[in-house]
1. So which residues in the stretch 85-127 are buried (at least 24 other Cβ atoms within 10 Å of the Cβ) and over 24 Å from TYR299 (Cβ atoms)?
2. Just checking, does the stretch 138-145 include any residue being in contact (Cβ under 8 Å) with a residue 60 or more places away in the chain, surrounded by fewer than 24 Cβ atoms within 10 Å (Cβ to Cβ) and not basic (Lys, Arg)?
3. Of the numbered conditions (1) over 30 Å from GLY122 (Cβ atoms); (2) β-branched (Val, Ile, Thr); (3) under 20 Å from the mean Cα position of the chain (by Cα); (4) not in a strand (DSSP E or B), THR99 satisfies every one except a single condition; which is it?
4. Looking only at the stretch 240-279, how many residues end up being among the hydroxyl-bearing types (Ser, Thr, Tyr) and in contact with a helix residue (DSSP H, G or I) (Cβ under 8 Å, 6 or more places away or on another chain)?
5. Can you find even one residue in the stretch 184-198 that is more than 23 Å from GLU128 (Cβ to Cβ), touching a Pro at 6+ places or on another chain (Cβ under 8 Å) and modelled with pLDDT of 95 or more?
6. Search the stretch 107-127 for residues being assigned to a helix (DSSP H, G or I) and either in contact with a Ser or Thr (Cβ under 7 Å, 6 or more places away or on another chain) or not assigned by TED's automatic domain parsing to the domain that holds PHE282 (or both), and hand back the single one that is modelled with the highest pLDDT.
7. Of the numbered conditions (1) in contact with a Ser or Thr (Cβ under 9 Å, 6 or more places away or on another chain); (2) surrounded by fewer than 16 Cβ atoms within 10 Å (Cβ to Cβ); (3) modelled with pLDDT of 95 or more; (4) not small (Gly, Ala, Ser), LEU269 fails exactly one; give the number of that condition.
8. Which residues, counting only those in the stretch 1-43, are modelled with pLDDT of 95 or more, in a loop (DSSP other than H, G, I, E, B) and surrounded by fewer than 21 Cβ atoms within 10 Å (Cβ to Cβ)?
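The values are calculated or read from the model by the stated rules, or taken from the named source; none is laboratory data. Quick caveat, the model's predicted, so the values are computed rather than measured. Note that each Cβ is placed from the backbone with ideal geometry, even for glycine, and that neighbours are counted across all protein chains shown.
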Amino acid sequence: MAIFLDESQVTELLDMESCIAALDDAFRDKGEGSATILPRRRLPFQGRRFHIMAASMLRTGYLGYKAYGASPGQDVMLYRAGEGIVAFLRGGTLGQIRTGAASGLATKYMARSDAAHLGCFGAGRQAETQMLAIARVRDLRSIHVYCRDAQRRRAFADRMTSLLEQEVRPVDTPAEAVRGRDIVVTITTSSDPVFDGNLLEPGTHINAAGGNVRINREIDEVAVTRAGTIAVDDMNAARLECGDLMWPIERGMLAWERVHELGRIVAGLMPGRRTEDEITLFESQGIALEDVAAASVVYERAIERGMGTPLPF
């Protein structure tokens, strides 16, 4: 019998460390060819957009889809081979955690092992889980955060200082979130680049995680073309949605042949970085593989603890 899990139950059952581990397995499977995805599809609906995306994981037997946009919130439907639907989950918190976990995973495999100075663009709920995830995979010694609203960035810095139990410093300019940083995260709603790519230090790793619309860019062509290793969560999704890459590719500054899937790096089929001075870039569009992998963790823990509302199917 399938179960329903609400936002509070998902929050209780899914922690960042377990989500990163689940995504590690899922992306390794994708790199080895045993996990597949259907990129996000956007359907017009009453003046808005209905979004749906799906994934299957052959090794674990889980598959499912996420849908959102036609009503408030996000929903994840989880299936297991031979059983059918096993869980219906509210997907807001799950989506927030898995997006952070994807950046944490990319940082684990692509950032320098001694990377310790983080700069973050964005001060919303998604920025929170970006920081929490990166702090799980690197021993951070300093953290800077920038967004255009000074009051919001100060409040965010105070909250994250408490959560991380170390100082998160709000900075007044974009340059201060890039200079002297060896990890830079962008998790904004901006349609234009949020910093000057010339400011990047050699050896920096970038997680560009805020954009999934082809006309939007969070990082400029300088940042993109300075990167030696560029990874995406899925090539087909990137070709549909990644404005950061499409802009320089359409202008002949970059070729898709230079872009690789994160799964190949996680599976050990190629290195995440080639030198200590190389700039590396992970472009995160957000794919359903992350939702299904995270949802499977939540579901299995719910069954172990006897949680969830039984559904009549």
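1. Passing the criteria: ALA106, THR107, MET110, ALA111, LEU118, GLY119, CYS120, PHE121, GLY122, ALA123, ALA127.
2. Narrowing the stretch 138-145 to residues in contact (Cβ under 8 Å) with a residue 60 or more places away in the chain: none.
No.
3. Every listed condition holds for THR99 apart from (1).
4. Step one: list which residues in the stretch 240-279 are among the hydroxyl-bearing types (Ser, Thr, Tyr), which gives 275.
Right, trim to in contact with a helix residue (DSSP H, G or I) (Cβ under 8 Å, 6 or more places away or on another chain) and you get none.
Of the residues in the stretch 240-279, 0 are among the hydroxyl-bearing types (Ser, Thr, Tyr) and in contact with a helix residue (DSSP H, G or I) (Cβ under 8 Å, 6 or more places away or on another chain).
5. yes
6. Let us first name the residues in the stretch 107-127 that are assigned to a helix (DSSP H, G or I), namely 107-110, 125-127.
Those left that are additionally either in contact with a Ser or Thr (Cβ under 7 Å, 6 or more places away or on another chain) or not assigned by TED's automatic domain parsing to the domain that holds PHE282 (or both): 110, 126.
Numbers: MET110: 99, GLN126: 96.
Selected residue: MET110.
7. Failed condition: (1).
8. Of everything in the stretch 1-43, those that are modelled with pLDDT of 95 or more, in a loop (DSSP other than H, G, I, E, B) and surrounded by fewer than 21 Cβ atoms within 10 Å (Cβ to Cβ) turn out to be ALA2, ASP6, ASP15, GLY33, SER34.
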